[in-house]
Amino acid sequence: MQDIIAKLTAKDDKYACAIADKIISESRDTDEWYEFFDAFASLLNHPKSLVRNRVLYILSANAQWDDENRFDAIISDYLSYVTDDKPITARQCIKALAQVGVAKPQYIPRILSCFQEADLSKYKDSMRPLIERDMMETKKALIEQL
């Protein structure tokens, strides 16, 4: 497990990104990475936004295998990244929430409520419309699941 965390937090971002992409891709078809769910979740609060971005997608890809409802313990933390200080991380979170909602429809009302209550005023005028568009696209995808 420490090996996985070390790879995902490596200083070489291209390497760490390639590892994350591999985990995300494999997680679409198999639950082999689900056993590391708690380790991935422990990286949600990582100081480096690139690590947070990777982990948001890894967790969303593994939501479909979450028969133990481990996501219940992290959903509040996960939703807090909808308004991350880094607008790119906020966008990544918002996009990944579409997959979470498909796998875990019980979270859809909470996700939609989070979008509605999100204060986007801290973002630059150049980023705010992009975040709003991401929210609309994810909202549309989630509503289709209801």
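Computed from the coordinates by the stated procedures, all read-outs in this text should not be read as laboratory data. What you are looking at is a predicted structure, and each value in this text was computed from that prediction instead of being measured. When we count neighbours, we look across all protein chains shown, and the Cβ atoms used for this are built from the backbone with ideal geometry, even at glycine.
Here's the picture: charge each Lys and Arg Cβ at +1 and each Asp and Glu Cβ at -1 in the chain, and of Asn62, Asn45, Ala90 the one pushed furthest to the positive end of that dipole is Ala90.
Each stretch of four or more DSSP H residues adds -39500 (n - 2.57); spread over every residue of the chain, this sum gives -21000 deg cm²/dmol at 222 nm. Taking each of Lys14/Lys140; Lys7/Lys86; Lys86/Lys140; Lys22/Lys104; Lys48/Lys140; Lys14/Lys122 in turn, the alpha-carbon distance tops 26 angstrom for Lys14/Lys140; Lys48/Lys140; Lys14/Lys122. Residues within the reach of a label modelled at Asp119 (point 7 angstrom out along Cα to beta-carbon, backbone nitrogen below 18 Å), restricted to segment 131-145, are 132.
For the chain, return all DSSP H helices satisfying: extent of Cα atoms along own axis at least 15 Å; mean Kyte-Doolittle hydropathy at least -1.0. Answer set is 13-29, 49-62, 87-103, 128-145. Taking Cα centre as origin and charging only the Cβ of basic (Lys, Arg, +1) and acidic (Asp, Glu, -1) residues, the dipole magnitude of the chain rounds to 660 debye.
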